[in-house]
1. Exactly one condition in (1) hydrophobic (A, V, I, L, M, F, W, C); (2) at negative phi; (3) crowded, with 16+ Cβ neighbours inside 10 Å is not met by residue 146; state its number.
2. Does residue 159 satisfy being modelled with pLDDT of 95 or more and in contact with a Lys or Arg (Cβ under 7 Å, 6 or more places away or on another chain)?
3. Within the stretch 20-65, how many residues are closer than 18 Å to residue 104 by Cβ and of a type outside the set (A, V, I, L, M)?
4. Would you mention how many residues in the stretch 73-82 are assigned to a loop (DSSP other than H, G, I, E, B) and either surrounded by fewer than 20 Cβ atoms within 10 Å (Cβ to Cβ) or at pLDDT 95 or above (or both)?
5. Please enumerate the residues belonging to the stretch 115-134 that are within 15 Å of the chain's Cα centre (by Cα) and either outside any loop (DSSP other than H, G, I, E, B) or buried (at least 20 other Cβ atoms within 10 Å of the Cβ) (or both).
6. Determine, yes or no, whether residue 146 is assigned to a loop (DSSP other than H, G, I, E, B) and over 22 Å from residue 28 (Cβ atoms).
7. Just the residues that are closer than 12 Å to residue 70 by Cβ and more than 14 Å from the chain's Cα centre (by Cα), please, taken from the stretch 25-47.
8. Do we have residue 16 as farther than 16 Å from residue 150 by Cβ, touching a Lys or Arg at 6+ places or on another chain (Cβ under 7 Å) and among the β-branched types (Val, Ile, Thr) here?
Amino acid sequence: MIKVGDKLPTVALREVKESGVQEVTTDDFFKGKTVALFAVPGAFTSTCSVKHLPSFVNNADALKKKGVDAVVCTAVNDPAVLRAWGEQANATGKVTMLADGNGDLARALGLEVDLTKAGMAKRSRRYSMVVDNGVVKQLNVEEPGAFGVSSGDHMLTQV
């Protein structure tokens, strides 16, 4: 599993923009920025929709005032689903939704979880991290079924 001090692995993620779906690598997106990155097991799922994403939407401005250049959400969902979820949650302009459709980032970070028994296939564990110029500075990985240390409220205490 990735740890504090490690560089993010090079992985392609996707985002829906005005011009369509665009691919961006972690190397390019995180270069020269301080990023509050968080991952959820799935868009539109209960804890993710009621608590996790809203905690970052509500704290996005405060995080940016503390030096965070971008707040990013990732999930093992396709780009259209993440875009729709972000729009529904009023995240547009506050949280960048980057799709990890095949779970490449979750797997490369060592944070993939098998949720096939719940009918959700392989997904990402719930986590958050502060990434500075591609290097992990803070890492908060939740125990299965928990929500707390990966919240936007907690991250606000770490930047």
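The values are calculated or read from the model by the stated rules, or taken from the named source; none is laboratory data. All values reported here derive from a predicted model rather than from experimental measurement. Heads up, the Cβs are rebuilt from the backbone with ideal geometry, glycines too, and the neighbour counts pull from every protein chain shown.
1. So residue 146 meets the others, but not (3).
2. When the stated conditions are applied, residue 159 does not pass them.
3. Number satisfying all stated conditions: 11.
4. Taking the stretch 73-82 and keeping what is assigned to a loop (DSSP other than H, G, I, E, B), we get 76-78.
Restricting the remaining residues to those that are either surrounded by fewer than 20 Cβ atoms within 10 Å (Cβ to Cβ) or at pLDDT 95 or above (or both) gives 78.
Residues in the stretch 73-82 being assigned to a loop (DSSP other than H, G, I, E, B) and either surrounded by fewer than 20 Cβ atoms within 10 Å (Cβ to Cβ) or at pLDDT 95 or above (or both): 1 in total.
5. Correct list: 123, 124, 125, 126, 127, 128, 129, 130, 131, 132.
6. Values: assigned to a loop (DSSP other than H, G, I, E, B): yes; over 22 Å from residue 28 (Cβ atoms): yes.
Judged against the criteria, residue 146 is a match.
7. Pass one, the stretch 25-47, residues closer than 12 Å to residue 70 by Cβ: 29-38.
The answer is 31, 32, 33.
8. Details: farther than 16 Å from residue 150 by Cβ: yes; touching a Lys or Arg at 6+ places or on another chain (Cβ under 7 Å): yes; among the β-branched types (Val, Ile, Thr): yes.
Yes; evaluated as a whole, the condition is true for this residue.
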